[in-house]
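The values are calculated or read from the model by the stated rules, or taken from the named source; none is laboratory data. Computed from a predicted structure; not experimentally measured. Heads up, the Cβs are rebuilt from the backbone with ideal geometry, glycines too, and the neighbour counts pull from every protein chain shown. The area values use the complete protein model at the heavy-atom level, side chains included, leaving out ligands, DNA and RNA. Shrake-Rupley method; radii C 1.70, N 1.55, O 1.52, S 1.80 Å.
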Amino acid sequence: MVDLRTTVAGISFRNPLWLASGIWGESGNSLKGAWDAGAGGVVTKSIGSEPRLGYPNPTIETYDKWGMLNAMGLPNPGIAEYPQEIEVARSAGATVIGSVFGADADEFAALAGRMAATGVVAIELNLSCPHAKGLGSEIGQDPDQVRDVVAAVKRAVRIPVIAKITPNHYDVPMLAEAAENAGADAISAINTVRAMAVDVRLRRPVLAHGSGGLSGPAIKPVGLACVWQIYERVKIPIIGIGGIISADDVIEYLLAGARAVQVGTAVAFEGIGIFHRLREDLSTRLAALGVATTGELVGAGHRGAGAA
Amino acid sequence: MRTITEVSERIVETPSTVTLRFRYAPSALPGQFVMIWLPGDDELPMSLSYTGESKGVTIKAMGATTRAALSIPAGAPVGIRGPYGNHFDLTPKRILLVGGGSGTAVLAPAAEAAARSGGSVVSALGATTAAELLFLDRARGFSETVEVATDDGSRGHHGFVTDVSQRLLSEREFDAVWTCGPEVMMRKVIAAAEPRHVPVFCSMERQMKCALGMCDACALGPYHVCTDGPVFPAPQLAALPEFGRTKRDSSGRKVPL
Ligand SMILES: Cc1cc2nc3c(=O)[nH]c(=O)nc-3n(C[C@H](O)[C@H](O)[C@H](O)COP(=O)(O)O)c2cc1C
Ligand code: FES
């Protein structure tokens, strides 16, 4: 029997397959639904200080099963009304990770404190959000800001803090190092890859916001490279994200150094039943490989294990 | 992917409602919806009011975008993706259709399909005033009987369409009720059909962004209207505290309907 239980930053999860932020994560019922469908942990939509409507539609461009482009614009009901949603999921027994975003370290810290009070097991920092200082860049693209935000949040909460890293930087592992040095308990990587769609007939961008973020199978190789490199530079656990739709995708991320993974876009392709299927397929696959726990594979790719 | 197509025809249905027809090849079933993008403006979920190869949506002026949509001329480009969602089950033979306002838009193609395959349809249509009755002529084509109600009494029963549907339910036998309109109306339709054990199917409307069962914008209790709906059997809805009371705004906050 394969044991899928996984510990990340001292928290135990019933399996390493988490629901990624922004998918099924706005309402408590949906978080509960993902948990009931078999997810090992559920990450909330990124929550801010105030309700935010997000960008107007079109917020999504779909492609064949290789990817998806989105510019939702961080819609969320705001932290004041969010505890009631988390309560719905928590009272169903779900292991909930609270995602927050802010414009600067102080806002992140205040939000994280309020999020921690809802009973989530950990905080995930969505660092892919605009700077308070503007200029269009994201907080997560500036290692100094990453350090300041993580340090401030660590002072504000006692539960583990996960820094979610953007792939849109020339030295992604440096961002992870900045988070680790500031006290982060884990890294999740990656958020979406900056991208856009342009319509020939209309001669204009498709998304109302112009550019957006690419997700789904197209970005798996990007996510794997980021996780691989981060694993070589930090000691804290890594949660691998990007394009996961199969058990082999999960195993690839484990080999690259991830301890757990998150699944997002594949939920749109297959429905929430994907968590059940992935869990079954992963057990079968690991058994066939003669592996008893996922932990045996974490980072094994770096040691060339099994490369006969 | 979106298909950019042209509005082939624009039909003014009522003072506040227009139908836009366009060619869009993917096959669709009555009850399904598309995301229609008005370039430079919003993209909206719209149930198909015509489901053949020449498809159509019937838009009522509600917010800024739907008001803008009313003035879209024939020949204008629109972006279409879909169809999405589930559809009406066309197996019941004796159908009661209860349409409130623009709700009739999604019911009409289902009723036409039912009538074509040997079913019989009785229609109860409601509107604020006679001029706002949608698809009255079309309903005469697919229905055995059409009854109407207007809030101002300018045509048919002076009062609620639910008064009419309740009477019809007591006078005749039906295998199913199909309804779309304000949720308080649908609640009343369900309440009247329940004791007679006639199953009710409601077409629901919620804010939508992805239409793919991903973003959670359309969350309704444990369901996503874009993938689990838009057509819901009454028992699924009746259990939800938000049915007829609240919806979620674009931020995901619960707000009164
Ligand atoms: C529609 C959508 C909304 C998202 N919203 C968020 C969000 O609020 N916060 C966040 O940290 N990541 C968000 N993401 C990014 C995902 O959590 C994930 O990092 C990314 O999609 C890559 O994983 P995937 O390929 O499995 O989708 C969103 C992604 C999508 C597709
Ligand atoms: S509109 Fe995104 S989940 Fe339904």
- Item | For A:H209, solvent-accessible area (1.4 Å; no DNA, RNA or ligand), Å² | 90
- Mind grabbing the accessible area of A:V120 for me, 1.4 Å probe, Å², rounded to tens? 10
- The answer for B:S8, listing residues at least 5 apart or on another chain whose modeled amide H is closer than 5 Å to its amide H, is B:R21, B:F22, B:R23, B:G75
- Task: Return the Cα extents of the protein assembly as shown along principal axes one, two and three, sorted largest first, each rounded to a whole Å.
- Result: 77, 51, 47
- Note on the structure: segment A:156-308 accessible area per residue, 1.4 Å probe, protein heavy atoms, integer Å², reads 40
- DSSP loop trypsin sites (Lys or Arg not before Pro) in segment A:88-155 with at most 11 other Cβ atoms within 10 Å of their Cβ, which ones? A:K133
- Considering only A:A20, A:A89, A:A225, give the residue with the highest GNM mean-square fluctuation for chain A, with springs between Cα atoms whenever their separation is below 10 Å. A:A225
- Cleavage-rule hits, chymotrypsin sites (Phe, Trp or Tyr not before Pro), segment A:1-106, DSSP coil, Cβ neighbours within 10 Å at most 14: A:Y63, A:W66
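Around A:D185, with a cut-off of 14 angstrom between Cβ atoms, what is the net charge of the other residues, counting Lys and Arg +1 and Asp and Glu -1?
Values: positive: A:K154, A:R155, A:R158, A:K164, A:K235, A:R259; negative: A:E124, A:E180.
With Lys, Arg at +1 and Asp, Glu at -1, the net is +4.
Chain pair B, A: how much accessible area is buried, both chains summed, with a 1.4 Å probe, in Å² to 100?
On the way: alone 11230 and 13000 Å², together 21340 Å².
For chain B against chain A, roughly 2900 Å² becomes buried.
Nearest 500 deg cm²/dmol is fine: what mean residue ellipticity at 222 nm does chain A get from its DSSP H runs of n ≥ 4 alone, each adding -39,500 (n - 2.57), divided by its residue count?
Values: 9 runs with 97 residues, N = 308.
Per the formula, -9500 deg cm²/dmol.
With a sphere of radius 9 Å drawn around the Cβ of A:T294, what net charge do the other residues whose Cβ falls strictly inside it have (Lys, Arg +1; Asp, Glu -1)?
Details: positive: A:R5, A:R259; negative: A:D3, A:E296.
Once all neighbours under 9 Å are counted, the net charge is 0.
Antiparallel as a % of all DSSP beta bridges within segment A:1-125, to the nearest 5?
On the way: 7 of 16 bridges.
Given both bridge residues lie in segment A:1-125, the antiparallel proportion sits at roughly 45 percent.
Quick check: net charge around A:V261, other residues with Cβ under 15 Å of its Cβ, Lys/Arg +1 and Asp/Glu -1?
+3
If the limit is 24 Å between Cα atoms, which of A:K154/A:K220; B:K93/B:K247; B:K209/B:K247; A:K164/A:K220 go over it? Please list the in-between numbers first.
Numbers: A:K154/A:K220 30 Å; B:K93/B:K247 33 Å; B:K209/B:K247 14 Å; A:K164/A:K220 16 Å.
Check vs 24 Å cut-off fails for A:K154/A:K220; B:K93/B:K247.
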- Descending accessible area (1.4 Å probe), largest on the left, turns B:S165, A:S91 into A:S91, B:S165
- Rounded to the nearest 10 degrees, what's the angle between the helix B:161-171 long axis and the longest principal axis of chain B, both from Cα atoms, 0 to 90? 40
- Item | Other protein chain Cβ atoms within 10 Å, averaged over every residue that makes up A:214-227 | 0
- Query: Among A:G119, A:G243, A:G210, which one shows the biggest mean-square fluctuation in a GNM of chain A, springs joining Cα atoms closer than 10 Å?
  - Reply: A:G210
- With Cα atoms, 0 to 90° folded angle of helix B:104-116 axis to chain B main axis: 70
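Report, to one decimal in Å, the Kirkwood hydrodynamic radius for chain B based on all distinct Cα pairs.
Numbers: mean 1/r = 0.0547 Å⁻¹.
Hydrodynamic radius (Kirkwood, Cα only) of chain B equals 18.3 Å.
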- Item | Probe 1.4 Å - accessible area at B:S102, Å² to nearest ten | 40
